[in-house]
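The values are calculated or read from the model by the stated rules, or taken from the named source; none is laboratory data. All figures in this text were calculated on a predicted structure; none of them were measured in a lab. All Cβ positions, even for glycine, are placed from backbone atoms using ideal geometry, and neighbour counts span all protein chains on display. Accessible surface areas use protein heavy atoms only, side chains included; no ligands, DNA or RNA. Shrake-Rupley method; radii C 1.70, N 1.55, O 1.52, S 1.80 Å.
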Amino acid sequence: MSANGEYQTSYDPPKDLQAQAHVNSLDEYKRMYDQSLKDPEAFWGKIAEDFYWKKKWDVIEKHNIDTSKGPVSIEWFLGAQTNLAYNAVDRHVEAGMGDRVAFFWEGNDVDQSRTVTYKQLQDQVCQVANFLLSKGVKKGSDVTIYLPMIPELPATMLACARIGAVHSVVFAGFSAESLAGRIEDSRPSVVVTTSGVKRGAKPIELKKIVDEALALPGTDSVTTVLVYDHSIALPRNKVAFTEGRDVWWQDVVPGQPTEAPIEWVDAEHPSFKLYTSGSTGKPKGVLHTTAGYMVGAATTFKYVFDHRASDVYWCTADCGWITGHSYVTYGPLFNAASQVVFEGVPTYPDAGRCWDIVDKYNVSLFYTAPTAIRSLMAAGDEFVTRSKRSSLRVLGTVGEPINPEAWRWYNEVVGGGRAAIVDTWWQTETGAHMITPLPGAIPAKPGSATLPFFGVEPAILDESGKEVEGPGQGYLVVKRSWPSMLRTIAGDHARFEQTYFNVYKGYYFTGDGARRDEDGYIWILGRVDDVINVSGHRIGTAEVESALVGHHLCAEAAVVPVEHAIKGQVIYAFVTLYGDATYPPPEETRKALIAQVRKAIGPIATPDVIHWAPSLPKTRSGKIMRRILRKIASREEDQLGDISTLADPSVVETLLSLRGK
Ligand code: PRX
């Protein structure tokens, strides 16, 4: 706060950082940005020179994102052949950087750590690749990965990329049913997992979850389960094994040759699927390809974190999310970065763990989610101030809007006012940062993701679909393709076109609302569709509703988001029971419904509140009026507005009488 009691609203780049930054002034950013839009061929062509290409491209970019002009298709670096794993690992080893540390692994417990050099990573990637090849995995095959944050997770992703297989990493916090759904969709022959993992004080038996998933229908494509023996989390002898299907990693991987063939793939060869929630139906497999993804992930990493060879980088995201794909596995390794890979949680053994790790490895670039910042902020400054943190240069956030209070705490308490804050807006679908400050060039405003990255042309549309010029707010869309953009939804191109390109013709629809201020800065307002952002994780209301009605007592459910001081948003479920149930029902019913959601999706989707609803507010045509439910959930019933269109307006009174019951 300034002397006159007002908060600072704009923060210039720290001088030291700016003096050496890749992009060191707003003018330079603008010059590069303008070039990236005016002459994408020259702009991306020059950047792409930094990678290894088995065969160079013929055409930089070709796309149609306007459904009125035919099917949507997006292609970058047409005619090129390359390989993601080669560019992430082998290229650096061949350039003499084999001894450089790729991963400083920090386990869940404080006494667990190990380092992996680029050469060691290359060896391991080859060994896993050889194992996969020996099991018949080949170019285009799917492999499902259900691993915690151990170095073997990025190594397995890279092993897939090396042989042209398509990885699908499932966050190892999703339930057996969720895992089974993803396996059913991508039909892998191999699943890679561990015996177990400890998250904080809590052990989780991952192999058991895989066994449960593979007992469910639709998973019979799986013939091999490769199990990393993570005995520090769960002893080997506690793990059930299916003869002929399950193999211990330690028995079959280390004996493989440390050289493996590289599959040079076309620029648009699929590299991975990542399932994410939308507003309707089951999670969809967002499909990313090769060359454009590589250039996008690498370039954003370099500029947004202002990465240089002397940095130690640390992103707290799990590889089960897009942030872990682009900013643990791929972006940093394409840049030959040294990074911390952390298996644990920021509050174990106490809320100072992150800052202790920052000091231990001299972390200079740190990337986390607003939820983590808010929960550490709530724990008290003493957990931060016991560490030095003098190495920190750039502090990033991602996943949800960051409130200015948390932004300032991150800046002042964690960064000591010396580091730049980068609030990066992007999505699973975008593959890489889209709207974000560049730390040496773009002055930051707390709560704003600021300006678009190179090659990204955002627009804001009003209700009628017209572009809002200058200051204003509306729906955030993007006007042209960018290199790391998703190419389709696996197996469902029609859904891809419907979800992202049919809403506003000629634009990619993000699903977010945004405001542009008088300086052209963009402020993300959150989702405008039926997606809830819990602690930076996307959960579809439809998914939670379908989990709830999967319980034999639940006749109907309607799920809405409510704001939460730490988690950003939480899940609030209105539930109607079958038949002539009395309300409130016995407490066991609530427990059973919550257990049902955890079983169907996973603990991250646990509803915070179950609100009993003998009936739901519906229009005469039977449509649930979610607007009214949101107001009731947020305790804003004084702003219900017109309820006369309800088939039965007395429903509202009944709902209010059951609040907290
Ligand atoms: O609503 C936006 C929010 O997260 C959504 C994307 O979620 P997901 O695909 O899971 O990817 C999260 C990590 C990239 C967006 O539609 N979001 C992401 N970053 C921000 C954000 N909201 C506000 N500010 C951000 N920096």
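Taking the mean number of other Cβ atoms within 10 Å as a proxy for protection, how do you rank 391-397, 620-626 from highest to lowest? If you can, show how the numbers build up before the last one.
Values: 391-397: 23.1, 620-626: 12.7.
Packing order, densest peptide first, comes out as 391-397, 620-626.
Contour minus end-to-end for Thr67 and His552, with contour as 0.36 nm per residue of separation and end-to-end as the Cα-Cα distance?
Working: separation 485, 0.36 × 485 = 174.60 nm, distance 4.17 nm.
Taking 0.36 nm per residue and subtracting the Cα distance, the gain is 170.4 nm.
Within the range 436-475, which residues have the backbone N less than 19 Å from the label spot 7 Å out from Lys38 along Cα→beta-carbon, could you tell me?
Residues 452-458 fall inside that zone.
How far is it, in nm, from the label point at Glu405 to the one at Ala647 when both lie 7 Å from their Cα along the line to the Cβ?
Taking the simple label geometry, Glu405 and Ala647 are separated by 4.2 nm.
Mind ordering 219-226, 544-551, 295-302 by average Cβ neighbours within 10 Å, highest first? Mind showing how you got there, number by number?
On the way: 219-226: 18.1, 544-551: 20.8, 295-302: 26.5.
Final packing ranking: 295-302, 544-551, 219-226.
Stretched out fully, how many nm does the piece from Tyr348 to Lys623 gain, at 0.36 nm a residue minus the Cα gap? Can you show the working numbers first?
Numbers: separation 275, 0.36 × 275 = 99.00 nm, distance 4.51 nm.
Result for the pair: 94.5 nm of gain on full extension.
Express the carbon and sulfur contribution to the solvent-accessible surface of the range 205-299 as a percent, rounded to the nearest whole number, probe 1.4 angstrom.
Within the range 205-299, the accessible surface is 52 percent carbon and sulfur.
Rounded, prolate or oblate for the range 132-176? Axes are the square roots of the Cα gyration tensor eigenvalues, ordered a ≥ b ≥ c, and the cut-off for rounded is a/c under 1.5. Spell out each step's value before the answer.
Numbers: a/c = 2.41, a/b = 1.65, b/c = 1.46.
Prolate, since a/c reaches 1.5 and a/b exceeds b/c.
Per DSSP H run of n ≥ 4, the term is -39500 (n - 2.57); total these for the chain, divide by its residue number, and report the mean residue ellipticity at 222 nm rounded to 500 deg cm²/dmol. Intermediate results must be reported in sequence, preceding the final value.
Numbers: 19 runs with 175 residues, N = 661.
So the helix-based figure for the chain works out to -7500 deg cm²/dmol.
What per residue convex hull volume, in Å³, comes out for the range 535-658 when only alpha-carbon positions are used?
On the way: hull volume 13.7 nm³, N = 124.
Spread over its residues, the Cα hull of the range 535-658 gives 110 Å³ apiece.
Among the listed pairs Lys198/Lys238; Lys62/Lys505; Lys360/Lys445, which have their C-alpha atoms separated by more than 20 angstrom in this model? Could the numbers behind the result be given before it?
Values: Lys198/Lys238 15 Å; Lys62/Lys505 18 Å; Lys360/Lys445 30 Å.
Beyond 20 Å between Cα atoms: Lys360/Lys445.
Quick one: give the max-minus-min coordinate of the C-alpha atoms of the chain along each principal axis, largest first, in Å.
74, 66, 59
Per residue, how much accessible surface does the chain expose to a 1.4 Å probe? Answer in Å², no decimals.
Numbers: 24600 Å² over 661 residues.
Per-residue value: 37 Å².
Based on the Kirkwood radius over alpha-carbon pairs, what is the Stokes-Einstein translational diffusion coefficient of the range 425-544 at 25 °C with 0.890 mPa s viscosity, in µm²/s? If you can, show how the numbers build up before the last one.
Working: Rh = 15.1 Å.
The calculation lands on 162 µm²/s.
Given R₀ = 35 Å, what would the calculated FRET efficiency be for Ala379 paired with Ala19, taking r from the Cβ atoms and rounding to 0.05?
On the way: r = 35 Å, r/R0 = 0.99.
E between Ala379 and Ala19, to the nearest 0.05, is 0.50.
May I ask you to derive the relative contact order of the chain, considering only C-alpha pairs under 8 Å and at least 6 residues apart, and to give it as an integer percent?
Working: 1453 pairs, mean separation 88.0, N = 661.
Relative contact order of the chain: 13 percent.
Please find the FRET efficiency linking Ala309 to Leu640, where r is the Cβ-Cβ separation and R0 is fixed at 51 Å, and quote it to the nearest 0.05. Provide the component values of the computation, followed by the final result.
On the way: r = 58 Å, r/R0 = 1.14.
Using R0 = 51 Å, I get an efficiency of 0.30.
On a straight-distance basis, which aspartates and glutamates could pair with Lys55 in a cross-link, Cα separation under 15 angstrom, same-chain partners fewer than 8 positions away excluded?
Glu263, Asp266, Glu268
Jot down the per residue volume, in cubic angstrom and as a whole number, of the convex hull over the alpha-carbon atoms of the range 390-432. Kindly include the intermediate steps, with their values, before the conclusion.
Values: hull volume 2.8 nm³, N = 43.
Convex hull of Cα atoms, per residue: 66 Å³.
Looking at this model, which pairs from Lys202/Lys273; Lys139/Lys273; Lys591/Lys631 are more than 23 angstrom apart at the alpha-carbon? All intermediate terms of the calculation are to be shown ahead of the outcome.
Numbers: Lys202/Lys273 29 Å; Lys139/Lys273 14 Å; Lys591/Lys631 25 Å.
Correct reply: Lys202/Lys273; Lys591/Lys631.
To one decimal place, what Kirkwood hydrodynamic radius in Å is obtained for the range 349-471 from all pairs of distinct Cα atoms?
15.6 Å
Just to verify a number: FRET efficiency for Glu467 and Arg114, C-beta to C-beta distance, R0 = 30 Å, to 0.05?
Details: r = 52 Å, r/R0 = 1.73.
Between Glu467 and Arg114 the formula returns 0.05.
Which of the peptides 484-491, 637-644 is most tightly packed, and how do the rest follow, judged by the mean count of other Cβ atoms within 10 Å per residue? Write out the running numbers ahead of the final one.
On the way: 484-491: 23.0, 637-644: 10.8.
Ranking the peptides 484-491, 637-644 by packing returns 484-491, 637-644.
Per 10 Å bin, what is the whole-percent P(r) computed from every C-alpha pair distance within the range 96-147?
Here the calculated profile for the range 96-147 is 21, 35, 33, 11.
Carbon and sulfur together cover what percent of the accessible area of the range 63-147 at a 1.4 Å probe radius?
Values: 1450 of 3020 Å².
Percent of accessible area from carbon and sulfur atoms in the range 63-147: 48.
Would any residue of the range 512-550 have its amide N under 16 Å from a label point 7 Å out along Cα→Cβ of Gln498? List them or say none.
Correct set: 530, 542-543.
Across the range 143-232, what fraction of all alpha-carbon pairs, as a whole percent, falls in each successive 5 Å bin from zero upward?
Pairs per bin, as whole percents: 3, 15, 28, 26, 18, 8, 2, 0.
For Thr582 paired with Leu656, estimate the spin-label separation in nm (one decimal), with each label point 7 Å from Cα along the Cα-to-Cβ line.
Using points 7 Å along Cα→Cβ, the separation is 2.6 nm.
Please report, in Å, the Rg and the Dmax of the range 83-345, where both are computed over Cα atoms only.
Gyration radius and largest Cα-Cα distance of the range 83-345: 17.1, 50 Å.
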